[in-house]
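First up is the structure itself, then whatever we jot down about it.
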Amino acid sequence: MTELFAGIAGGVGLLIAGMWFLTENLKTLAGRRLRWSAGRWTANRFSALLWGFVAGGITQSMTALTFIVVSILRSGLIGTRSALALILGGCVGGSLLVVIVTLDIKVIALFLLGLSGAVMASEYLSKFRPIAASIFGGAMLILGLVLLKDAAAPLAQQPWFRDMLEGTGNSLMLAFLVAALLTAILQSANAVCVFGIGLATVGVFSIDQAIMVIYGSCLGSSVILYLLSAGLRGRSRQVAMYMVFYDVLICVVLVPLLYCELYFDIPLMKALVLSVGLDLDQQLALVYVLISVLPLPVMLAGLGWSATLLERLWPSSQSDSLSRPRFIHDHASVDVDTSLPLVDLEQRRLVRNLSQYFEAVRRSENLEPLRYASRRLLDDISDFLGELQTIHPAQGAEDRNSMQNRQRLLSWLEDALGILCDALAERPARPVLNQFRTRVRESVDSVLLSLIDAMESDDRMSWDIAKRLTGDRTEMMRKVRAHYMEADPPLREHDLIDVLAITNAVEGAFFVLSKVEQELNPYSGSYGHVPLVRPARRSDYADGAGSATITQVADRPGSPGNRLP
């Protein structure tokens, strides 16, 4: 008994660890260049389907593939229809693993495990380490599934297990629901399907129950993806929900058809796979492949209609456009002299977008989509600079280093403003703190807008104003803290904690703002290595994000202008 459960536990452990190895190392390989290549490869729905098939076969996880597709979609490199076609192709590619496990592939997996492990441990082959680690994870994944399949035979010999199954009356619907639950827990439809096929092979499950287990795994996959994608918005949410609807549609259509086949003797899926001259486990694995292949013609023909419906249900969000690079592009890294000014424009656009954080606080909106968009854009700029360094290690080294230093500053600025706005978004009960929060919000936003105004006009007077406004606020924040600490009547403890959090965040924000001003200011002595470009104009920002100036902020009703409390 101990050996039996050890085999199941070991199989699940290898499966989970293999999936982690595979996905984490594929992330390191799926850099910016690969995303740009994906945009070219998926020019139409059929090429997208083909490359989705390849990607699904490599990742062996529709959840992982869906989020990779979401990442490519967010970068603006592919459209929604291409993304949906990639998902459909991935479903077919991902289903092939179940077929592979039914073959005698254990020896091959062990060889791959040994060779990839040796490459991972070798310092001489360190440049191949991510690829070797991905292969290592894939081999672990296969071995885990083989262990689960082999565990079905000894489990079937246990009297308590047979009695338990007999107590269920061989219910098809119970097999369906249990498979959905196990898939949601293990987060692997392949594992549940392989285990169900193994039980059917040794005679514990009927063929009908094994087919229902395969259908139930689809429902479990949809539950996983629905929960994991709950934080997505816009087109990203559209892709995730397309996969959810696809899995649910399979269950809605195929489960009733199986009952029709059983009770009305209509030859459908079961008759089709049993007519193929293969072993029982391979016939059942064929079911898993067919549920991805058979709907393809209809799903491909309806891509346009599906994209339109998804757009109505989950309209494209502001964060979609904010996260998409506007100036850096695939061919921009060919020449450093033309690439760095494009990076400069992209970084200035990022600073402008940060003012939207304060607008979200004013409207009591969720800040996370905007922060995610900014972090995605920061990642794309960093990847672009890293690619420049790889392609042109010596050309424009000083200017590129300055840009990378500025990139670090902007990352710190995003973090500092995000922390401040998160603190400001809390809603205290005391009106005095509501007023305090409002004054801090408008004052810091005014300073940020003055920096943006200086970036746009690029004249000395505007930069002088921005330099004065971005000065140190440490002493002022100490006085603010002392004022609220000595308030009469005294503030409650959680209100004092809010004051401390806000004032500390203001200090951090102004420290970084002053550094960013020094880096961007063409009249500052620290500007020497940053390439000069034309001033960024409003026409560069078609989305209109952050178009307000410091004058407009001062005109807002109740705005404290540039005064901090």
Close pairs from the range 174-188: first more than 17 Å from I211 (Cβ to Cβ) and at pLDDT below 90, partner in a helix (DSSP H, G or I) and of a type in the set (S, T, Y), Cβ under 8 Å, at least 6 apart: Q187/T63
Within the range 132-160, considering residues that are within 18 Å of F205 (Cβ to Cβ) and open to solvent by less than 20 Å² (accessible area, probe 1.4 Å), the one farthest from the chain's Cα centre (by Cα): A156
Test for G234: is it at positive phi and surrounded by 14 or more Cβ atoms within 10 Å (Cβ to Cβ): yes
Residues satisfying the stated conditions in the range 206-231, i.e. open to solvent by 40 Å² or more (accessible area, probe 1.4 Å), polar (S, T, N, Q) and more than 28 Å from A152 (Cα to Cα): none
When residues of the range 161-173 are limited to those that are part of a helix (DSSP H, G or I) and at pLDDT 85 or above, the one least open to solvent (accessible area, probe 1.4 Å): L172
Test: I419 is of a type in the set (A, V, I, L, M) and within 21 Å of F511 (Cβ to Cβ): yes
Matching residues, the range 462-505, being free of Cβ contacts under 8 Å to residues at least 24 places away in the same chain, closer than 30 Å to P522 by Cα and of a type in the set (G, A, S): S462
Residues (β-branched (V, I, T), in a helix (DSSP H, G or I) and open to solvent by 70 Å² or more (accessible area, probe 1.4 Å)) located in the range 259-307: V298
Selection count, the range 237-253, where residues are aliphatic (A, V, I, L, M) and either open to solvent by 30 Å² or more (accessible area, probe 1.4 Å) or not in a helix (DSSP H, G or I) (or both): 4
Test: residue in the range 319-328 that is of a type outside the set (A, V, I, L, M), touching a Gly at 6+ places or on another chain (Cβ under 7 Å), surrounded by fewer than 20 Cβ atoms within 10 Å (Cβ to Cβ) and not in a helix (DSSP H, G or I): yes
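Considering only the range 187-221, how many residues are over 15 Å from K149 (Cα atoms) and in a helix (DSSP H, G or I)? Before you say what the answer is, go through the steps one by one.
So in the range 187-221, the residues over 15 Å from K149 (Cα atoms) come out as 187, 206-209, 211-212, 215-221.
Pick out the ones that are also in a helix (DSSP H, G or I) and you get 207-209, 211-212, 215-221.
Total satisfying the criteria: 12.
The values are calculated or read from the model by the stated rules, or taken from the named source; none is laboratory data. Quick caveat: nothing in here was measured; it's all calculated off a predicted structure. A quick note on method: Cβ atoms are made from the backbone with ideal geometry, for glycine too, and the neighbour counts reach across all protein chains shown. Accessible surface areas use protein heavy atoms only, side chains included; no ligands, DNA or RNA. Shrake-Rupley method; radii C 1.70, N 1.55, O 1.52, S 1.80 Å.
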